[in-house]
Structures are given as C-alpha cells and as structure tokens.
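Reading through the structure tokens given below for one structure.
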Amino acid sequence: MFWCPMADVPTPIDGQEGGEAGAEEVELALEAGNVITERRIGWTRKSAREGPSERIAVNEESAITRALSQAARNRGSPIFQPLEGTLFSSSEEARDFFNLYSWEIGFGIRYGRSNKNNKGYTTRQDIVCSCEGSPRTKNCASIRTGCKVMIRLLRTSDHGWYISRVSTSHNHKLSEGYAEKKQWNSHSMIDPSTKYFIKKLRDNNVSIGRVCSIIGVTDSSAMNPVRKETIRSLCAKVARENMADDIGKTVQLLREMKIKDPLMEVRFKVDEKGTVKSMLWCTGKNRMDYKNFGDVVTFDTTYRTNLYSLPFGIFIGVNCHFQSIIFGGVLLSTETAEDFQWAFQNFIEMMDGSVPITVLTDQCAAMGKAIRTVLPGTRHRWCRWHVLKSAKKKLGKVIARHKQFKSDFYNLITNETCVDSFELSWKKLIIKYRLVKSKYMLRLYKHREKWAKPYFMSVFCAGMTSTQRSESANHMLKRYIQKAAPMHLFVSKFNEFLCDRTEQEAREQHVTKMVTRRMRVGAPIEEHADLVYTRAMYEKFYDELFEAGKFCVQREDGNDRFIVSSAKLSSDGVQKKYVVTLHGEDFMSCQCGLYEHLGMLCRHALKVLLHLDRQEIPKFNIMRRWTKEAVVYKAHGEQTDIASDADQMRKKALMLQTLQIVHGPSPVDEQMFRNAMEALRPADRTQREDPPFDGQYQCSLHDDAGPVPLSCPPRTMKGGRPPSTGLNAWISRKDKRRTLDSSLRDPISEDWPEEEMPPSKKTRCLKDI
C-alpha cells in the first residue's frame, strides 16, 4: 500500500477501506478550518500493528475546541461539521464531535462496524446514524430505515484517528426541538461519574423516582439532562450486574469479613447440588455482645425483601443502655421446625454453648417446637403485641359490639401482676362479654404461661415483653436494603446496619461517661444509682424512685418484712399492698417481682430503703449487666469482660509453665511426652463416624475445611395463574394439606392460635362458591 496526495487528504490507493495510515514519514501540510491534513508514507498492510487505543496529546487543541473557536467564521453552517481529514486523539473524542453535529441536525448516532488485526489493535471504526440498517423482521416497529449517514475513522501513525469518509444524506425525517432531540439514546447518555453516583444511590435503597429527582430528570424545567427511561435502563443494568454470580460474590464478601474479623462465624446448609438452603452468620462483636447480654433473646422472621424471598431472622437482645443489639442473622429457606432447629442449634454452638434464660417469639408453632427441642431449659414467651393483634383479629365482632372490651383486655395483659388477681379478672372478663365457650379464649387461657404477665414476673426478661425490638430492627433494615436485593448485597448492607448500631452504642457510652446529671430527688441513694448505673438505667431508676413517694411503709413487729401500701385507692376502690422482705444487709425482694423481671429494684423496695435511711443500693440487688462496668473496653476499642481477661491470664500462665518444662534441665520422659501430646491434640481430629445423610450438608467458607456453596436458591416468581376457586379444588387442596401436615403435627402446639403468614389474597366463603 502507498499513499498519494489527493487534495492533501490521505486516501488509500489499493481500494481497501480498512487500510492504516503511514508510519515512517509524517509531514504536516496544511491547516484549513478545522481540517488538519497529513501526507504520510506508510507500511504494508501485512505488518500487524499494536499499541494504545488513543493518542497522547499534551497541550494540544482538540477538534471540538477548534470548531468552537472558528464558529464565528462559519456562520450559516453547522458548528461541528465533520470533514475528511479531521484528526482526533481517540475514537471517543470523534464520537463526541459527531454527536454534537447530530444534535445540531436532529438525529442520533451509534457505533457501527470496526476492524481489528490479529493483535487486537482496532484499525477502523464506523460511527453511523441510529437509523442505519434494516429491521430484523418485516412487520415490526423499528426506526431502522437504511440511512447511509456515517463517518469512517482510520488510525494515524501515532495511534490517533482521522476521518477518512463522510456521508451526510439522510433518508428519514429529522428531529426538531430540545425535547424531541433528547429522545435519541446518544443524546441522553450518562457520564461515568453520574453512573457511579446512581449505582451508589440504588445500592443504598434509594427508589428510582427519587434517583430521577436527585439527578434532575423530573425537574419542571424543559432542559433536563437525561430521560427517565435512561435512568431506568441504567438501574436495570445495575440490578443485572448485582445478580450475576451472586453466590460467588457472597462467599468472597464473607471471606473478606472473616479476614478482618477472625472471631466471625458463618454456617451454611446446602443440598446435594450445593444450593444454599440456610445461612447463619455472627460477627465477633455479636458474639461478645451475646457473652455480656445474651441472657434474653428475641427472635422474629418477618423481613422478606431479598431476591429469593427467604425469611430473614434476627437474634436481638438489649444492652446496658437499653439499646437493641444484634446477636446474629439467619436466612432460611422455609419456616419449618427443622429449619428453626438448625438455626437455634448452630447459633448456640457459635456462642460457645451458652443458652439464654428467656426467648421471646411470636405465636409460631414451628418456633415453639424447635425451642423445646434445642433449648429445653429456656423459658419461651410469646410477644404481647402479637397476642393483642391476634385477639383483635379473632374477636373483632366482640370489640365492635363492646367498646370497653379492648381496654379491659389490655389492662388484664399489661397491668395485672398477681396470679390470683389475674385468674379472677379473667373469669370476670369472659363472663361479662359472653366468651366462656369461645375456642380462641380457651386456647389462649390454656397457654397463659407463655404470655400472661403474672406468670413471668419471676423470670428475667430484661424488661422486654414483646418482639418489638425485632420489629424495629426489621423496619430499620428496610432503610438499608432494597427490595429484591441479591444475597451479597443483603449481607453487605446488613453489615452496614451493624456498624450503625455500634456507632449508636458508642455514642451512648460516651454520654454515660462524660455527661454529668443533676440530682432531682436529692436522696443519697440517688447519687449511688448515678455512680453505678448507666444513663438509661438511671432514668428508669429515677422514675421508680419518684413513684416511691406515693406509698406508705409499715414494718411487721420483730420481722424484716415491710408492708408497702398505696396512699390512694385504685380505680376499683381497693388499696394495693405489697410485701417487701429484707434478706440481710445485701439483698431484698418484693412481692411485685420487678427485680426478678427487670433486674432493678421496684418503687416498693426503694420506699423501704428510704424509710430505713439507706445510703446505697444493696450489693446483690445491683445487676452487673445494667452497670457502667458491664462492658470493659480495651485501648484499641474492642470489648472484653473480667471473665475473659482472667481466662487469658490462665492460658498464658499454662503456656509459660509448659515452656519452662521444655527448656528446663530435667529430661522429658515418655509418659510426660504422651500426656502433653494428648492434651495438645485437637478434639476434631478424633475418629468419628459420619452421620447418615439427611439431604443437607454443612458448608464453610474455605475449600480445605469442607464444601463451599455453589449456587443460590432459585428465584421466586410472583403472580401467575390464580388457583381454582371451585369446590372440588378447595377440598382437594385441604385434604392434601392435611395429609402433608399429619406427620409434622406437634401435639403440644397443635392448638396454638397460629397467626403467621396470613393469606395474601382475598378468600371467599364456601357458601358463596
């Protein structure tokens, strides 16, 4: 191939459109308008070139800048007129130049055909009109009209680009006006920085409508930068990218979290194909919090907004500042007793076998069966809010007829603390409102130990009577995690949620240490409470101390028992009395049971302390979990406690003693060596028989420790054909459900007032079918 100057425009002679410009001799010949021509003597086409995709031009004026500077001299013609021989540093610059020209004329552009040599070096690039080509099928709606408008770009010797061919004759109508021209995709593109900003907004659960508002698409001005459809297309592309290789991204994310947090634990349950069925994970902070405050746990599975519609359960407790703390999260495939047993069993193993005193859940029978199996010594309590909700649903007609029933039922559940009074009030309630034969009330009364307050006053619950903390956590999660989020994004955003909770805890800890409080009662015992308790606990103590002024104290003769009675009669004309007993100088108890339930002295006991002019709270009535020393922070910010410090000192002492024996002058006999090796052998190296396969495997994050999850659960498809509403179909489904559930039926929880997973569609009465 050789070049001949033809109007000083480089043109291939051999007729090959994809030829490359010369490389040996470059001679700048002419600068006319915005056209820079060159005469180059080139190489043969057989020699394949390689190099960068663009030319590095330092302090060189671009083609767009030259066109703008010469616009005054070319009035009446387009500012960005493409001419043969126009030089560009990159193909992107040439596309921008041609796109500005298409905006002036009223059409859109896109990339066309291109050529690459055997080394992957692009030698030709066509930029064509959006109407170029023909539709795929004859009878279809398409903008393709076979338009021939285009520019062809070839390479220069310094890896730049120049226009070798220009065609500007359209065979279709052109767009007019700003709003019409913006409909072309090339005129509604988003720059990379804006794309990254939109991706961050979507990852942080910002809706598409709000994204459009932030970008300015929905502004009242007609000069909007991009179209709403472009934003939606970009968001859809981001969603597809997030869904690609979801399990690989999830495992990689968990591995990175494990490297940063060595105390983190992750458990998978997969089937024989490697598909994830359940996943449980706890961070090192979660495990330390459970060690300090894991005596009471609430568990709920109400959050279902991930891509696979998996129920998400959260183990939640309360710390010394009365704040909700997270102990762990679990994704379950189904809400069966077997899945809950797997979750509870692995959760207890992660927490070094420590079992909570009390567990609060809703009225799910499967949870109750799993708790009785895995946690036989733990008290299971129903959420009071769910009991009231189910009562409102089951007793709607009674509430509609009797307006007083709702308040009477609420007072019975909330305010009654005596067992005898509760039994008497319950009988009066069902007789008054004619509910003696109500099946719901009979079932509720049968399981009153799980929800009635008098039966739980002697059980420590950290002041929690419902799973409201779990409900609040689910509500807060919705601010972080978008609907239909893939698994890796779900885990990432849940980790951000944990970080936010840690920040809130650190803020409250800082306020407790630094902010001084004004004494409002003036009693010496109040100063002692301020010295011992955290700020949140002190506020509760102050409320009880203030209410103590409404009671009178009378001591029994020759006994450490005090009768504390209210100064005013109650609404039913009865003067309530409580018995407070002193057990030496360091402990006291009250009949109301608030200390056993909350871990703080009640107003009746505080009234006795004020009567005896005590300066401090009894030593054994101060629960460590509510004090300022409940959590000890190291210098680098991690949590620890006194027990863990003592354990570390013991381990270091044993290791030091071992080293002294090894390096000592006395020889080590065979028996001593065998005993040392037996003590150092890990427990998991012992030979054990593999349990029979039950269709589920345990997985880990590392290949050498066990199988790694291979795939995520299948996505659920919403909608579809509705089920048949015929009588025969209804009877068939009922018989099938009865046969399926007969083997899994639990006789203890069979008559529980089940209220989980209500039907999402409207039902019809049998008589109306």
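The values are calculated or read from the model by the stated rules, or taken from the named source; none is laboratory data. Values in this document were obtained by computation on a predicted structure and should not be read as measured data. The protein model used for the area step is the full one, side chains on, heavy atoms only, and it has no ligands, DNA or RNA in it. Shrake-Rupley method; radii C 1.70, N 1.55, O 1.52, S 1.80 Å.
Suppose a student asked you for the relative contact order of region 314-464, using Cα pairs under 8 Å spaced at least 6 residues apart; what percent would you report?
18 percent
Note down the relative contact order for region 512-632 as a percent, whole number, built from C-alpha pairs under 8 angstrom at least six residues apart.
26 percent
Among LYS394/LYS432; LYS200/LYS291; LYS392/LYS437, which pairs are too far apart, with a Cα-Cα distance over 29 Å?
As for pairs spanning more than 29 Å Cα to Cα, those are LYS200/LYS291.
What is the spread of the Cα atoms of region 120-223 along each of their three principal axes, largest first, in whole Å?
46, 42, 29
Just the number, please: percent antiparallel of the DSSP beta bridges in region 309-384, rounded to the nearest 5.
That works out to approximately 65 percent antiparallel.
Under the classification rounded if a/c is under 1.5, otherwise prolate if a/b is larger than b/c and oblate if not, where does region 529-584 fall, given a ≥ b ≥ c as square roots of the Cα gyration tensor eigenvalues?
oblate
Mind ranking GLU556, GLU54, GLU176 by accessible surface for me, highest first, 1.4 Å probe?
GLU176, GLU54, GLU556
Given C-alpha coordinates of region 458-537, what is the ratio Rg to Rh with the Kirkwood estimate of Rh?
My calculation puts Rg/Rh at 1.15.
With the cut-off at 23 Å, tell me which of the pairs LYS277/LYS393; LYS369/LYS397; LYS249/LYS273 have Cα atoms farther apart than that.
Beyond 23 Å: LYS277/LYS393; LYS369/LYS397.
Could you grab the relative contact order for region 192-344? Cα pairs under 8 Å, six or more apart, rounded to a whole percent.
This gives 14 percent for region 192-344.
Taking a 28 Å limit on the Cα-Cα distance, which of the listed pairs LYS450/LYS483; LYS285/LYS628; LYS148/LYS195; LYS450/LYS540; LYS427/LYS576; LYS428/LYS453 fall beyond it?
The pairs that break the limit, which is 28 Å between Cα atoms, are LYS450/LYS483; LYS148/LYS195.
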